[in-house]
Amino acid sequence: MTQFYRALVRAPANIALIKYMGKDDALLNLPLNASLSLTLDTLCTVAEVEVETETLGGITWIPELPRIENSGLQLEIPRLTDAGIARMIHHIERVYRAIQEIFKLPSPMPRITFRTANTFPMSSGIASSASSFAAVTLATAEALCGPQSHTRFENAWSTDFEFKKALARLSRQGSGSSCRSFTGPWVLWATEDISPLQSKLPPLSDLIVLISSESKPVSSSMAHEQVRTSPLWNGRKERAEERVRGATTALKTGNLRTLSQIAWNELWEMHSLFHTCAEPFTYWEPETIAVLKWLKPFFQNASPPIVSLDAGANVHILVEKTQAEAWLERIEQRFPNRKVLVDDNGSGPQSLTPR
Ligand code: DP6
């Protein structure tokens, strides 16, 4: 008899202070260097995956909002390109093969449909691949386990960090940075695996100054290849690894100033790689530079901001949560035409499946 099983999951975005840039293995998304990030909270993707057993297999994206009630989240359906849909379908097949193996699920593959939506507006220029691959990986795994294996799945997810790591490894093969969204707030990703990092820092907020909503001139997957042609590439791995060591110690000792300095140097280095590769490109807009210049004097503050930029023009300003409101006012006063998204640090994905 045909059975339906539906899973709903929410997974956050993350912001790397030491960046994943350059791959050792492009098929498996193994990074050239370790990276270190902060997991966010409400800037997230909600994924709904529905499995229909006893029917012919096939995976379909349904461009509708996930069916979720009272989440309190403002959701928008992403405009996925055909290539984006194909990439996600290929990834769901990968998750199916792995979950079938772990939970000894009956073959053949059931029919699978999926819906995704993000809390960040389409026009915000915020990359969604980390949160969407994390959400779809977890929702697919949960839905595939169905009622039979569901208790085992829930136990593994809530008590076994090795299982979480295995799902993060799978997700990484879809999009590298998504593996860091599986736990939080502070996460280290080295070679295959993620690990949570100890921190004595107070809770942080991320204020994202939105500067461009244009689609990226170069995808981050392309950027990972291009940077190798920069004359600054030499020694990049060693410098990044050194920063990871420095940042890990700064977190452990609660040294905001050191972390802020390391993140600042790292952001300039990654973007300098883009600016100096064989076919140079930039994600920056004039106002990106205006914000960076404006921020510089605040590094003298007793509690300096941590500033970072991904492969995009928007500026992330991480500050102590208790100071977030004052920072928001300050940013809005100086850049009145800019929208600012505000989020807190978070702890990773959550299942929202109704019980
Ligand atoms: C600049 O994870 O998007 O945001 O593995 O090819 O999907 P793929 O790349 P992706 O790269 C993210 C690059 C970055 C830095 C970072 O998040 O560490």
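The values are calculated or read from the model by the stated rules, or taken from the named source; none is laboratory data. For clarity, every value in this text was computed on a predicted model and none was experimentally measured. Cβ coordinates were reconstructed from backbone atoms using ideal geometry, including for glycine residues, and neighbour counts include every protein chain displayed. All accessible areas refer to the heavy atoms of the entire protein, side chains included, with ligands and DNA or RNA removed. Shrake-Rupley method; radii C 1.70, N 1.55, O 1.52, S 1.80 Å.
In segment 95-117, what residues are open to solvent by 80 Å² or more (accessible area, probe 1.4 Å) and either of a type in the set (D, E, K, R) or in a helix (DSSP H, G or I) (or both)?
R97, E101, K104, R111
Only one of these is of a type in the set (S, T, Y) and closer than 21 Å to S177 by Cβ: T2, T39. Name it. Please lay out each step first, then the result.
Values: T2 fails: closer than 21 Å to S177 by Cβ.
Criteria check complete, one pass: T39.
So which of A134, A139, A127 ends up being closer than 30 Å to K339 by Cβ, part of a helix (DSSP H, G or I), within 16 Å of the ligand (Cβ to nearest atom) and of a type in the set (G, A, S)? Break it down stepwise before answering.
Values: A139 fails: within 16 Å of the ligand (Cβ to nearest atom); A127 fails: part of a helix (DSSP H, G or I).
Of the residues listed, the single one that is closer than 30 Å to K339 by Cβ, part of a helix (DSSP H, G or I), within 16 Å of the ligand (Cβ to nearest atom) and of a type in the set (G, A, S) is A134.
Scan segment 27-59 for residues that are part of a loop (DSSP other than H, G, I, E, B) and within 16 Å of the ligand (Cβ to nearest atom) and jot them down. Full working, then the answer.
Looking only at segment 27-59, we keep the residues that are part of a loop (DSSP other than H, G, I, E, B), and these are 27-29, 32-34, 53-57.
Those that are part of a loop (DSSP other than H, G, I, E, B) and within 16 Å of the ligand (Cβ to nearest atom): L27, L28, N29, L32, N33, A34.
Conditions: (1) part of a loop (DSSP other than H, G, I, E, B); (2) within 22 Å of the chain's Cα centre (by Cα). I92 meets all but one. Number of the miss?
(1)
In segment 253-275, what residues are surrounded by 22 or more Cβ atoms within 10 Å (Cβ to Cβ) and farther than 16 Å from S37 by Cβ?
L256, L273
Restricting to segment 299-311, what's the tally of residues that are part of a helix (DSSP H, G or I) and open to solvent by less than 40 Å² (accessible area, probe 1.4 Å)? Reasoning before the result, please.
So in segment 299-311, the residues part of a helix (DSSP H, G or I) come out as 299-300.
Then drop every residue that is not open to solvent by less than 40 Å² (accessible area, probe 1.4 Å), which leaves 299.
Matching residues across segment 299-311 total 1.
Taking the condition of being within 11 Å of the ligand (Cβ to nearest atom) and within 30 Å of V342 (Cβ to Cβ), how many residues in segment 11-26 meet it?
Residues that pass the stated criteria total 9.
Hey, can you tell me all the residues within segment 178-227 that are at pLDDT below 95 and basic (K, R)?
K216, the sole residue that qualifies.
Only residues that are open to solvent by 50 Å² or more (accessible area, probe 1.4 Å) and over 22 Å from R239 (Cα atoms): list them for segment 276-288, please.
E279, E285, P286, E287
Restricting attention to segment 194-236, which residues are in a loop (DSSP other than H, G, I, E, B), away from the ligand (no atom under 12 Å from the Cβ) and β-branched (V, I, T)?
Narrowing segment 194-236 to residues in a loop (DSSP other than H, G, I, E, B): 197-203, 210-219, 230, 234-235.
Restricting the remaining residues to those that are away from the ligand (no atom under 12 Å from the Cβ) gives 197-203, 210-215, 217, 230, 234-235.
Within segment 194-236, just I211 meets the criteria.
Please pick out the residue among L17, L75 that is among the aliphatic types (A, V, I, L, M) and either open to solvent by 20 Å² or more (accessible area, probe 1.4 Å) or at pLDDT below 95 (or both). Steps first, please.
Working: L17 fails: either open to solvent by 20 Å² or more (accessible area, probe 1.4 Å) or at pLDDT below 95 (or both).
Of the residues listed, the single one that is among the aliphatic types (A, V, I, L, M) and either open to solvent by 20 Å² or more (accessible area, probe 1.4 Å) or at pLDDT below 95 (or both) is L75.
Please go through segment 1-26 and give me each residue that is assigned to a strand (DSSP E or B) and β-branched (V, I, T), ordered by number. It would help to see each step written out before you state the result.
Here is the first cut: in segment 1-26, the residues assigned to a strand (DSSP E or B) are 4-18, 23-25.
V9, I15, I18, listed by residue number.
Would a scan of segment 129-142 turn up a residue that is surrounded by fewer than 23 Cβ atoms within 10 Å (Cβ to Cβ) and closer than 19 Å to F182 by Cβ? I'd like the intermediate steps shown before the answer.
Taking segment 129-142 as the starting set, the residues that turn out to be surrounded by fewer than 23 Cβ atoms within 10 Å (Cβ to Cβ) are 129.
In the following step, the residues that additionally are closer than 19 Å to F182 by Cβ were identified as 129.
Yes, segment 129-142 contains at least one residue that is surrounded by fewer than 23 Cβ atoms within 10 Å (Cβ to Cβ) and closer than 19 Å to F182 by Cβ.
Scan (1) within 15 Å of the ligand (Cβ to nearest atom); (2) assigned by TED's automatic domain parsing to the domain that holds A290; (3) open to solvent by 70 Å² or more (accessible area, probe 1.4 Å) for the single condition T191 breaks and write down its number.
(2)
Is at least one residue of segment 144-166 farther than 19 Å from L8 by Cα and within 16 Å of the ligand (Cβ to nearest atom)? Full working, then the answer.
Let us first name the residues in segment 144-166 that are farther than 19 Å from L8 by Cα, namely 159-162, 165-166.
Restricting the remaining residues to those that are within 16 Å of the ligand (Cβ to nearest atom) gives none.
Checked against the condition, which is being farther than 19 Å from L8 by Cα and within 16 Å of the ligand (Cβ to nearest atom), segment 144-166 yields no hits at all.
Yes/no per residue for (1) open to solvent by less than 20 Å² (accessible area, probe 1.4 Å); (2) in contact (Cβ under 8 Å) with a residue 60 or more places away in the chain:
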{"site": "A290", "(1), (2)": "no, no"}
{"site": "V315", "(1), (2)": "yes, yes"}
{"site": "A324", "(1), (2)": "yes, yes"}
{"site": "L328", "(1), (2)": "no, yes"}
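Return the only residue of T229, T151 being under 19 Å from N33 (Cα atoms), open to solvent by 20 Å² or more (accessible area, probe 1.4 Å) and of a type outside the set (D, E).
Working: T151 fails: under 19 Å from N33 (Cα atoms).
Within the list T229, T151, the selection yields T229.
Of these, A278, A290, A326, which one is hydrophobic (A, V, I, L, M, F, W, C), over 22 Å from S213 (Cβ atoms) and part of a helix (DSSP H, G or I)? Spell out the reasoning first.
Working: A278 fails: part of a helix (DSSP H, G or I); A290 fails: over 22 Å from S213 (Cβ atoms).
Criteria check complete, one pass: A326.
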